[in-house]
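Take a look at the structure below.
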Amino acid sequence: MPARLVDRSAPLRAGFFYLGLGALGCGPGAPQLTAHPWPEANALFTSDPLWLGGDGAYSVDLGNERVLWLFGDTYVATSAAHRRDESYFVRNSVAVQTGYDPSRAFMRFYWGRTEEHPRSFVPEDGATWFWPGHGIRLGERALLFYGRVHQASEGMWGFAAGAWTAFLVQNPDDEPSVWQLREVSAASEGGDVELGGAVLEVGAWLYVYGNAGDHHDIYLARFDTERAVKGDLSCPEWWSGEGFGDFASRAPVLTLGAPEYSVSYAAPLGAYLLVETEGFGASTLAVRSAPAPEGPWTEPRDVLRPPESFGDDPFVYAGKAHPELTGADLVATYVPSSFEDGPPDPREVLYYPRFVRIGYK
Amino acid sequence: MKTLAALFTAASLLAAASSAVAADWLPGRSRAVTYEDSADPSAPVVSYAYGPRARATLGGDLAFVSLPGRRMDLRLGGSALVAFENARGARVVPEQTLESVVALGAAWAFPGAANPLSRTLGTLELAVTLGNRSAHRVSAFELGDRIHTTDVPFGAGGSYLGVELAARSLARSPLVLTPRLGFRLFTNLFPDLVGQRVASDVVADELREGAEFMDFLELDMRWIQNPRVQPLFGLYTDAIFPHDDSAHRRWLGRFLLGVAFPGTAFELTPFVDGELGHGQGLLVNRSEARLGAGVRLDAR
């Protein structure tokens, strides 16, 4: 029986019970998750004075106490001042953490470089840049999902997502600076679903979640793992609501989802957990649960309102869990920023991912 | 605001259509069971108090129209309150935080002789309101309180549907009792009740609602033996249930002990009050034990 994370009638029932109308206050309890900021681990993201912050913050267990971090929009210092107003903005970067406990690990950051300035780790393809998704270690290889993004209109929100893609890393045990990346053969269908939000290996299948639509409905596709490890992602099966079938039969595993999230299996709870930031702006970190990757998924339950969400004009986002990390039952991160124009946060405190420790009760 | 305007328009139309029932325009207070004895810190009254910091309220309530009947009176009206409070320091002028509460609604009162229940208990009143409470800093004041991730955001404010049941005992003895039970269902609660948590989150974020549900219970007493000097005592308690699952509920208990000096047009009530529990507005996440003294002015 999967853990129930939410009891939506609780406020009303508790309210009646508090007033002594006890008969209306009865009801079953529900397992609770607790979450607390983990400031001791945050130093991991400020360990490189040239890396001045980035969002996304997906993680992939590479094995052998190595964890790959994938970041989106990143500031790279271009002067000894190490300030964001003297930095170069690249679309993606990566880092490798050595040690599974982020409060005790060390991290090295990687990005590309041209003769003149830093560039994205996965370089742009003309006017299209690559936004990181999740990934997974598959034997001797690693598979990393990226979304193609382009600027459709002016302004910071004028970007638009294109088709998803993925890169097969041939030598993930080496330093990322010498990685050999090969773009996979992706399915030609499914262009409206941005696959790669979360990746799980379940049995002989690679389960990959993706978003579609303005309301971030989440879909689930699966690939044969043996074919995926060879870079063949041309034949996905899509969850239809009753089973897996062709693209035309697809149905969302949940509607009104989130643009970024993680999905992982929590053995102590016997459930899959989806971790996301809930809301837009003064967001909370929230968790859904399900007995199986395809659901049914519960409504999200807030586990933490980050301190930054109490600030002026906050923009807290990119919440997701990192099940390979230790130091808590489940380690998560979110990215705090603000809606102010220009390089985020003149004090340069925001825009570094923040760690959270989630506990199972 | 659109909803409030529609409600007011409907009320006006109702009142106009009911002109044959001898409607009274601007008859006075919005409730038959009035607030002058209330220990509710958000009661729409004019007051000043100090302890441990300065606070002042400017509030009032007004009926736009009443439709008196033999068995039931209907009042359409509203109330407003602006409460100033200092979060820090010993200044006697409260100028640091502000909370506003505005409500429009209808109240159905059953006078003492209306029915067997009210003949026993006294005047009964059911009120339904649409209201909004919001909390603000005044000028550039920084609250400075340490933020806890279990805090209730936005001063636990928001837009709500309020339901109140109140009674005022019959004047058979010098002791007049006024119990009041109320609920506030904030906008973000409604999608939550039908399982739409994401929609509830959007509503809470967009409307800056920190609370999902609030209930309160009070019992006020006044000794009216002397028409010019009337001791009063009130007990009030409430509970705030936050929207965030991760935030902690907030509780408050309050007493108010005073002596009312009723005049022809106004009533002056010096009082002492004590509280244990959450603060108001931006101070909702503080848990304090407070003792203070002040004075209240009510229109009669």
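Overview of values
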item	result
Qualifying chymotrypsin sites (Phe, Trp or Tyr not before Pro) in the stretch A:114-184, DSSP loop, other Cβ atoms within 10 Å at most 16	A:TRP157
Carbon/sulfur fraction of accessible area - the stretch B:61-176, other protein chains in place, 1.4 Å, %	64 percent
Estimated FRET transfer efficiency (B:LEU235, A:GLU40; beta-carbon r; R0 45 Å; 0.05)	0.50
Lys, Arg +1 and Asp, Glu -1 on Cβ, resulting dipole of the protein assembly as shown about Cα centre, debye, nearest 20	3040 debye
Sites A:ASP214 and A:SER188 - FRET efficiency at Förster radius 22 Å, r taken between beta-carbons, to 0.05	0.40
For chain B, accessible area per residue (1.4 Å probe, heavy atoms of protein chains only), Å²	44 Å²
Where B meets A: accessible area buried, both sides, 1.4 Å probe, Å²	2700 Å²
Cut-off 11 Å between beta-carbons: net charge of the residues surrounding A:PHE130, Lys and Arg +1, Asp and Glu -1	-1
For the stretch A:95-111 and the stretch A:190-227, distance of Cα centres in Å	27 Å
Three-way shape label, the stretch B:82-204, alpha-carbon gyration tensor, a/c 1.5	oblate
Coil-residue GluC sites (Glu not before Pro) of the stretch A:255-345, DSSP, other Cβ within 10 Å capped at 12	none
For B:VAL46, distant residues with modelled amide H under 5 Å away	B:GLY59, B:LEU297
Label zone at B:ALA293 (point 7 Å along Cα-to-Cβ), backbone N below 18 Å, the stretch B:244-272	B:255-261, B:268-272
Whole-Hz ³J(HN,Hα) from phi, Karplus 6.51 cos²θ - 1.76 cosθ + 1.60, for the stretch B:289-299, glycine and proline x	10, 10, 9, x, 9, x, 9, 10, 10, 10, 7
Gyration tensor (alpha-carbon) shape descriptor, chain A, a/c threshold 1.5	oblate
Net charge over other residues, Cβ less than 13 angstrom from the Cβ of B:THR178 (K, R count +1; D, E count -1)	-3
Summed side-chain charge close to A:TRP164 - residues other than A:TRP164 whose Cβ falls under 9 Å, Lys, Arg +1, Asp, Glu -1	0
Size of charge dipole - chain A - debye, nearest 20, with Cβ of Lys, Arg +1 and Asp, Glu -1, no other charges	960 debye
Size of charge dipole - chain B - debye, nearest 20, with Cβ of Lys, Arg +1 and Asp, Glu -1, no other charges	840 debye
Positive dipole terminus of the stretch A:32-360, leading residue within A:PRO323, A:SER93, A:MET156 (C-beta point charges)	A:PRO323
Cα centroid separation - the stretch B:175-189 against the stretch A:264-338, whole Å	35 Å
Net lengthening on full extension, A:PHE159/A:THR78 (0.36 nm per residue, minus Cα-Cα)	26.6 nm
Paramagnetic reach from B:ALA22 (point 7 Å along Cα→Cβ, amide N under 17 Å) across the stretch B:49-80	B:65-75
Cleavage-rule hits, GluC sites (Glu not before Pro), the stretch B:220-300, DSSP coil, Cβ neighbours within 10 Å at most 13	none
Sites B:VAL138 and B:LEU217, calculated FRET efficiency, Cβ-Cβ separation with R0 30 Å, nearest 0.05	0.45
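The values are calculated or read from the model by the stated rules, or taken from the named source; none is laboratory data. Nothing here was measured: the structure is a model prediction, and the numbers come from that model. Note: ideal-geometry Cβ built from the backbone for every residue, glycine included; neighbour counts use all protein chains shown. Only protein heavy atoms, including side chains, enter the accessible area calculation; ligands, DNA and RNA are left aside. Shrake-Rupley method; radii C 1.70, N 1.55, O 1.52, S 1.80 Å.
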